[in-house]
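All remarks here apply to the structure that follows.
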Amino acid sequence: MIVGAGFAGAKAAETLRAEGFGGRLTLIGDEPMRPYERPPLSKDHLRGETTDVPYVHEPGFYADNDIKLLTSTRVTGIEPGMRELLLEGDRHLGYDRLLVTTGSVPRRLDVPGAKLEGIHYLRTLADSARIAKRIETGGHLLVVGSGWIGAEIAASARQKGCEVTMIEMASLPLERVLGPQVGQIYLDLHRDHGVEFLPETRVELFDGDGSVERVVTKDGASIETDFVVVGVGVAPRTGLAETAGLQINDGIVVDEHLRTSVPDIFAAGDVANAWHPFYRRRLRVEHWANALNQGPVAARSMLGQDVSYDEIPYFFSDQYDAGMEYSGYATQWDEVVFRGDVAAREFIAFWLKDQRLVAGLNMNVWDVSDPIRELIRSRRPLDRRDLADPDVPLSQITADAADDAAGPEPPVEALSAWASEGGSF
Ligand SMILES: Cc1cc2nc3c(=O)[nH]c(=O)nc-3n(C[C@H](O)[C@H](O)[C@H](O)COP(=O)(O)OP(=O)(O)OC[C@H]3O[C@@H](n4cnc5c(N)ncnc54)[C@H](O)[C@@H]3O)c2cc1C
């Protein structure tokens with residue numbers, strides 16, 4: 001039984017069958033359609049460039065693989081003692097092994113006027129369609145928050161010709177994840193495309209007659225707007241897990257095999273706070289690749305295979321013509337070393353702590369995430385001049401690193417609860 005028919009749940013179901021599981025397999029989700037991927041919802045989907053739903057599988061996949069897919073079905077409780085799920089409408093379903101992939105939900109702003117019409121949040125296909133329709137009408141969009149979701153929505157709305165103001169508590173977009181140097185690159189990117197960015201600004205209240213007409217900030221400024229999208233992070237959807245008495249701490253606590261504190265219940269994806277063998281700490285990662293890779297590991301673990309999840313975190317973002325990939329995990333570093341042309345937005349940024357690579361970001365430079373992750377894994381002290389010099393191939397730096405034994409443990413103090421600090425989608 002898998003609860004949560006999102007990306008992690010769908011990949012887990014696929015893997016269970018691929019690994020030869022011949023028993024009954026049910027995938028339950030509360031959305032009305034079969035599982036889909038969310039990244040396009042703030043990009044081409046939001047801009048109306050495609051109406052194709054980014055489904056994870058072809059329509060016949062679930063029937064062909066004897067996977068019972070229950071859509072529009074909300075699970076309201078788990079009773080581990082009885083090995084039962086409670087469904088809306090007082091239905092019960094038994095399970096032998098259960099995977100919880102309930103994902104996350106946008107954090108809501110709790111300020112006066114927050115329930116006015118025209119204030120949007122983006123998580124589902126339906127949210128994306130609603131906002132896309134509003135963007136199509138044009139006007140002034142105010143985006144609250146300049147994390148990945150806020151920044152991508154701002155970019156898409158500008159590309160569609162809306163006036164866009166982005167307000168942010170920090171000084172720069174994405175600053176908490178990327179720091180001031182790369183945050184400044186994103187600020188320049190948005191300003192170059194005509195976004196008005198208001199730093200160190202918080203919402204005091206929304207005002208309007210039925211629908212939002214203006215936002216009043218904590219410092220008393222009043223900003224007229226036609227509609228608002230709030231992107232201030234997400235929270236793991238743990239309500240269901242709590243009914244089962246699973247250990248919860250910023251998500252469902254799981255070990256490296258993605259097992260929860262209750263036998264035969266597993267968790268994966270945005271909702272899982274998993275022990276990471278490489279980092280030697282728990283990580284909850286709210287990114288596409290984590291759902292892609294954790295779902296299958298959870299499935300194999302459910303089948304009793306000795307597998308653990310130790311992928312280096314990875315995510316991507318597209319804003320205007322700036323595509324980027326980020327690998328690693330870091331909140332503290334000694335320096336950021338750049339390779340390439342920062343002004344042209346074609347570069348790699350390397351975050352170094354104690355001369356070791358803790359994260360790398362490549363913007364409009366491709367096929368380098370694998371070497372970046374290899375270098376992170378090597379834990380080897382690196383020469384900043386080699387990293388900065390485009391004439392020294394990354395493959396050479398990686399080969400040198402591979403020749404050495406793995407270095408000491410990573411600087412754990414460089415890591416923190418990054419996902420909940422704005423590193424998330
Ligand atoms: C707009 C948007 C853009 C994004 N862009 C990127 C990107 O560019 N790059 C990137 O790396 N990541 C991106 N992400 C993040 C990525 O999509 C998520 O990390 C990923 O979807 C997580 O998958 P999941 O399966 O864990 O959770 P989800 O996709 O949230 O799926 C969980 C499912 O479980 C269902 N559910 C929850 N509770 C219950 C219940 N009690 N009963 C039944 N069903 C339930 C939910 O409705 C949902 O369908 C983006 C996310 C969003 C919202």
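The values are calculated or read from the model by the stated rules, or taken from the named source; none is laboratory data. Everything numeric in this text was worked out from a predicted model, so none of it was measured. Note that we place each Cβ from the backbone using ideal geometry, even for glycine, and neighbour counts take in every protein chain shown. Protein only, heavy atoms only, side chains kept; ligands, DNA and RNA dropped before computing areas. Shrake-Rupley method; radii C 1.70, N 1.55, O 1.52, S 1.80 Å.
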Original post:
Any residue at all in region 235-245 that is open to solvent by 10 Å² or more (accessible area, probe 1.4 Å), over 21 Å from the mean Cα position of the chain (by Cα) and hydroxyl-bearing (Ser, Thr, Tyr)?
Top reply: yes
Original post:
Somewhere in region 85-100, is a residue in contact with a Pro (Cβ under 6 Å, 6 or more places away or on another chain) and touching a residue at least 60 places away in the same chain (Cβ under 8 Å)?
Top reply: no
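Is it the case that some residue within region 210-224 is assigned to a loop (DSSP other than H, G, I, E, B), within 19 Å of Glu286 (Cβ to Cβ) and either over 20 Å from the mean Cα position of the chain (by Cα) or not basic (Lys, Arg) (or both)?
Kept after step one, since they are assigned to a loop (DSSP other than H, G, I, E, B), are these residues of region 210-224: 210, 212-213, 218-221.
If we keep only those that are within 19 Å of Glu286 (Cβ to Cβ) too, we end up with none.
No - not one qualifying residue is present in region 210-224.
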Subject >> Unmet criterion (only one of (1) surrounded by fewer than 17 Cβ atoms within 10 Å (Cβ to Cβ); (2) more than 20 Å from Pro180 (Cβ to Cβ); (3) more than 13 Å from the ligand (Cβ to nearest atom)) for Gln332 >> reply: (2)
Original post:
Just a yes or no: is a residue in region 49-60 open to solvent by 30 Å² or more (accessible area, probe 1.4 Å), outside any loop (DSSP other than H, G, I, E, B) and not polar (S, T, N, Q)?
Top reply: yes
Original post:
Can you tell me which residue in region 145-173 is farthest from Gly323 (Cα to Cα), limited to those that are among the aliphatic types (A, V, I, L, M) and open to solvent by 10 Å² or more (accessible area, probe 1.4 Å)?
Top reply: Met169
**OP:** Please tell me if Asp64 is over 27 Å from Ile153 (Cα atoms), of a type outside the set (Ser, Thr, Tyr) and either more than 16 Å from the ligand (Cβ to nearest atom) or under 20 Å from the mean Cα position of the chain (by Cα) (or both).
**Re:** yes
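Could you list, in sequence order, the residues of region 282-322 that are away from the ligand (no atom under 15 Å from the Cβ) and open to solvent by 40 Å² or more (accessible area, probe 1.4 Å)? Write out each step before concluding.
In the first step, residues of region 282-322 are kept if they are away from the ligand (no atom under 15 Å from the Cβ); the result is 282, 300-308, 310, 321.
Matches in region 282-322: Arg282, Arg300, Leu303, Gly304, Gln305, Asp306, Ser308, Asp310, Asp321.
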Original post:
Applying the selection to region 372-425, what residues are surrounded by 18 or more Cβ atoms within 10 Å (Cβ to Cβ), assigned to a loop (DSSP other than H, G, I, E, B), away from the ligand (no atom under 16 Å from the Cβ) and modelled with pLDDT of 50 or more?
Top reply: Arg379, Arg380, Leu382, Pro410
Original post:
Give me the pairs: first residue in region 4-16 and under 8 Å from Leu27 (Cα atoms), second residue within 8 Å of the ligand (Cβ to nearest atom) and open to solvent by 20 Å² or more (accessible area, probe 1.4 Å), beta-carbon distance under 7 Å, and six or more apart or on different chains, which are they?
Top reply: Gly4/Thr102; Ala5/Glu31
Original post:
Somewhere in region 174-192, is a residue in contact (Cβ under 8 Å) with a residue 12 or more places away in the chain, closer than 22 Å to Asp207 by Cβ and in contact with a helix residue (DSSP H, G or I) (Cβ under 6 Å, 6 or more places away or on another chain)?
Top reply: no
Original post:
What number of residues within region 26-61 satisfy the criterion of being within 16 Å of the ligand (Cβ to nearest atom) and more than 28 Å from Ala132 (Cα to Cα)?
Top reply: 2
